[in-house]
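One structure is given below, encoded as structure tokens.
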């Protein structure tokens, strides 16, 4: 599942929903910004990874539209990816890494 999430109203409820979803699949919560060139590159990577790993869920969050959520989750670099599995944060990736490294880190939790 690959979708864009816009402005998040209640940070706590949204996080609980993502954690609950992580019981069934690996969830990647991806923090991006329109002004970030790296975020555009990451979108291309994640599109390919989504085709390779169809059981994952990818959730995109714009940090400018959701500053409180970004702050609450300790996002201090764009892009950042938080991986959720079995109701826990299992990995936090700050900044850009190669597509093969992203894929390898995600594969560990499938």
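Computed from the coordinates by the stated procedures, all read-outs in this text should not be read as laboratory data. The structure displayed is predicted, hence computed values, not measured ones. Cβ atoms come from the backbone with ideal geometry, glycine included; neighbour counts cover every protein chain shown.
Computed quantities for the displayed model
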| read-out | value |
| --- | --- |
| Potential lengthening between residue 92 and residue 104 on full extension [0.36 nm per residue; Cα-Cα distance subtracted] | 3.0 nm |
| Highest average packing first - 84-94, 29-39, Cβ atoms within 10 Å | 29-39, 84-94 |
| Extension gain from residue 38 to residue 55, taking 0.36 nm per residue of separation minus the Cα-Cα distance | 3.6 nm |
| Equivalent ellipsoid semi-axes - Cα gyration tensor, the range 2-94, angstrom | 18, 17, 11 |
| The chain - mean residue ellipticity at 222 nm from DSSP helices (-39,500 (n - 2.57) per run, n ≥ 4, rounded to 500) | -11500 deg cm²/dmol |
